[in-house]
1. Determine the relative contact order of the stretch 78-182: mean sequence separation of Cα pairs under 8 Å and six or more apart, normalised by residue count, in whole percent.
2. Does the stretch 130-193 classify as rounded, prolate or oblate by the C-alpha gyration tensor (a ≥ b ≥ c root eigenvalues; a/c under 1.5 gives rounded; else a/b over b/c gives prolate, otherwise oblate)?
3. How do 70-83, 158-171 rank on mean C-beta neighbours within 10 Å, highest first?
4. Among the listed pairs LYS103/LYS152; LYS103/LYS167; LYS139/LYS161; LYS88/LYS152; LYS88/LYS139, which have their C-alpha atoms separated by more than 27 angstrom in this model?
5. Could you give the size of the charge dipole of the stretch 47-199 about its Cα centre, using +1 on the Cβ of each K and R and -1 on the Cβ of each D and E, expressed in debye and rounded to the nearest 20?
6. If a/c stays under 1.5 just call it rounded; otherwise compare a/b with b/c (prolate if a/b is bigger, oblate if not). Do that for the stretch 73-164, with a ≥ b ≥ c from the square roots of the Cα gyration tensor eigenvalues.
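Every number in this text was worked out from the coordinates using simple rules, so none of it is lab data. Quick caveat, the model's predicted, so the values are computed rather than measured. Cβ placement follows ideal geometry from the backbone for every residue including glycine, while neighbour counts extend to all protein chains displayed.
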Amino acid sequence: MNNELQEVARGHGHANRDGDGPHPVAVVAEAIITAEGEILEVVEIVVEFREGRHPRHSRIYRVLIDEAVVDFHHDGAPAGKMLQRVGKDSTDGWVLYEVIHGKDVRLDPEQMVHFRRHGLERFHTRLDLVTIEVNQEPKRVRPGCWVVSDLKAAVDVPSAKVLAEIKPDGTFDNLDDAAHIEICGGEKFISHARRGGSS
């Protein structure tokens, strides 16, 4: 493939092409060479921050996400895509944070992250879970929209049972397995047999 990155110059290991998984922190390079012999400079965001520089224009930006070094071939990427590059997904409750000027900033999955921002140091991920109550037991799940059948599986409710939401007035609202429900934290549920027996 003509545009495939062939080797690392002045470094160790292999180049991590956009779309591949992360490689260890020890693999640090200053430039890579394409199949055509073109030398592409790598801008390492952590180094730019450490040396107090505004990240310069480049064809490749190397960022640190948790303990993984990941290369991007653009000066920005959606936060959700960055999570996927380290094997995590926002639909599982993972959230990406950028460390900028020493402070953690939470990023939404669709939010575009710009690598040339002054003061940007690195990124880290966090599992963002909330607590709900199921059959009077606390359960930790990701916030957001759930298919009821998936929520049942996540909180160990047998598929043969009905999950019902306990409303503030104490009434029960039986939930269809194919329905969608928004979880914010603090919701209460009970499961019961489909023919009226309680769990």
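1. Taking the mean separation of contacting Cα pairs over the length of the stretch 78-182, I get 20 percent.
2. Details: a/c = 1.26, a/b = 1.04, b/c = 1.21.
Rounded is the answer for the stretch 130-193, as its axis ratio a/c remains below 1.5.
3. Descending mean neighbour count gives 70-83, 158-171.
4. With Cα atoms farther than 27 Å apart: LYS103/LYS152; LYS103/LYS167.
5. Charge dipole, the stretch 47-199, about its Cα centre: 500 debye, nearest 20.
6. Numbers: a/c = 4.04, a/b = 2.51, b/c = 1.61.
Prolate.
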